[in-house]
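Okay, structure first, notes after.
The values are calculated or read from the model by the stated rules, or taken from the named source; none is laboratory data. Quantities reported herein were computed from a predicted structural model and do not represent experimental measurements. Virtual Cβ from ideal backbone geometry, glycine too; neighbours counted across all protein chains shown.
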């Protein structure tokens, strides 16, 4: 985990976020802050509003009110792809891969700012396009090798196991060269051996300078990799602190255990 005393400034901060569905307040005046270079956890009982908060931060759904700053700039009115282009990307509870494309093609689709995306460039800059494609393929293979998926590069993504799909989705996020990745339950439905590996990968990438915000129900994961933990309950902030502080917080215990 990162020494946050050396890098205290938040890369992501949100205040006063509100979102209602049919009169039910899924997120109710929630705030969160993610320090640059940290692994920050977001936990709470089922129905606490964690994924809805992720959707608001990444603008997959627009907040009824509230403010979201990424790198000091407001992003709550940007489209999700514009937020990704600025350096913040996300994964999902159930891994979203393009099942009928190869693992490599899934990776290449995430490459950013490709000259070949512009029609006229295909006519006038074929050399640059070819070089960028080679570079993107090399980077994709390097990432796949780092997570043990290189041998699956030419397989259909739909043939991967649930855990391997999680790794592919995280690897594809890395292809965008992000500053911050929002991970939604990376350990869900994954066998214990692969959970350990995913935690090791997250810690390794964090040491390389990547920041993470992680939703996870597996408390062993949260407590082992996170610098700070935020807790939601009924759409509201309940607590925030170090993993040790959260483990001994009476309000958090009551929210989870009903005692």
message: Restricting to the range 95-105, give me the number of residues that are surrounded by 18 or more Cβ atoms within 10 Å (Cβ to Cβ) and at pLDDT 95 or above.
response: 2
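Within the range 176-198, take every residue that is in contact with a strand residue (DSSP E or B) (Cβ under 8 Å, 6 or more places away or on another chain) and part of a loop (DSSP other than H, G, I, E, B) and give me the one that is surrounded by the most Cβ atoms within 10 Å (Cβ to Cβ). Walk me through it before giving the result.
Of the range 176-198, the ones in contact with a strand residue (DSSP E or B) (Cβ under 8 Å, 6 or more places away or on another chain) are 176, 178-186.
Pick out the ones that are also part of a loop (DSSP other than H, G, I, E, B) and you get 176, 178-179, 185-186.
Details: 176: 17, 178: 21, 179: 18, 185: 21, 186: 27.
Selected residue: 186.
Among the residues of the range 211-223, write down those that are surrounded by fewer than 19 Cβ atoms within 10 Å (Cβ to Cβ) and within 16 Å of residue 90 (Cα to Cα). First the steps, then the outcome.
Here is the first cut: in the range 211-223, the residues surrounded by fewer than 19 Cβ atoms within 10 Å (Cβ to Cβ) are 217-220, 223.
None; the set is empty.
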query: Listed residues 49, 41, 23, 37; which is in the same structural domain as residue 236 (by TED's automatic domain parsing) and surrounded by fewer than 18 Cβ atoms within 10 Å (Cβ to Cβ)?
result: 23
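Assess whether residue 92 counts as being assigned by TED's automatic domain parsing to the domain that holds residue 52, modelled with pLDDT under 95 and in a loop (DSSP other than H, G, I, E, B).
On the way: assigned by TED's automatic domain parsing to the domain that holds residue 52: yes; modelled with pLDDT under 95: yes; in a loop (DSSP other than H, G, I, E, B): yes.
Yes, satisfied.
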- request: Would you confirm whether any residue within the range 244-257 is in contact (Cβ under 8 Å) with a residue 12 or more places away in the chain, surrounded by fewer than 21 Cβ atoms within 10 Å (Cβ to Cβ) and either under 19 Å from the mean Cα position of the chain (by Cα) or under 29 Å from residue 86 (Cα atoms) (or both)?
  value: no
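Between 37, 41, which is under 16 Å from residue 212 (Cα atoms) and in a loop (DSSP other than H, G, I, E, B)? Walk me through how you get there before you give the answer.
Values: 41 fails: in a loop (DSSP other than H, G, I, E, B).
Answer to the selection: 37.
Looking at 130, 110, 140, can you tell me which residue is part of a helix (DSSP H, G or I), modelled with pLDDT of 65 or more and under 12 Å from residue 176 (Cα atoms)? Full working, then the answer.
Numbers: 130 fails: under 12 Å from residue 176 (Cα atoms); 110 fails: part of a helix (DSSP H, G or I).
One residue alone meets the criteria, 140.
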- prompt: Quick check: is even one residue across the range 73-87 in contact with a helix residue (DSSP H, G or I) (Cβ under 6 Å, 6 or more places away or on another chain) and either touching a residue at least 40 places away in the same chain (Cβ under 8 Å) or in a helix (DSSP H, G or I) (or both)?
  reply: no
- request: Look through 66, 47, 22 and report the one residue that is touching a strand residue (DSSP E or B) at 6+ places or on another chain (Cβ under 9 Å) and modelled with pLDDT under 95.
  value: 47
Residue in the range 199-210 that is surrounded by the most Cβ atoms within 10 Å (Cβ to Cβ), counting only those that are at pLDDT below 95 and not in a helix (DSSP H, G or I): 209
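Can residue 226 be described as more than 26 Å from residue 111 (Cβ to Cβ), surrounded by fewer than 22 Cβ atoms within 10 Å (Cβ to Cβ), in the same structural domain as residue 33 (by TED's automatic domain parsing) and in contact with a helix residue (DSSP H, G or I) (Cβ under 9 Å, 6 or more places away or on another chain)? Give the derivation first.
Details: more than 26 Å from residue 111 (Cβ to Cβ): yes; surrounded by fewer than 22 Cβ atoms within 10 Å (Cβ to Cβ): no; in the same structural domain as residue 33 (by TED's automatic domain parsing): yes; in contact with a helix residue (DSSP H, G or I) (Cβ under 9 Å, 6 or more places away or on another chain): yes.
For residue 226, the condition - more than 26 Å from residue 111 (Cβ to Cβ), surrounded by fewer than 22 Cβ atoms within 10 Å (Cβ to Cβ), in the same structural domain as residue 33 (by TED's automatic domain parsing) and in contact with a helix residue (DSSP H, G or I) (Cβ under 9 Å, 6 or more places away or on another chain) - is not met.
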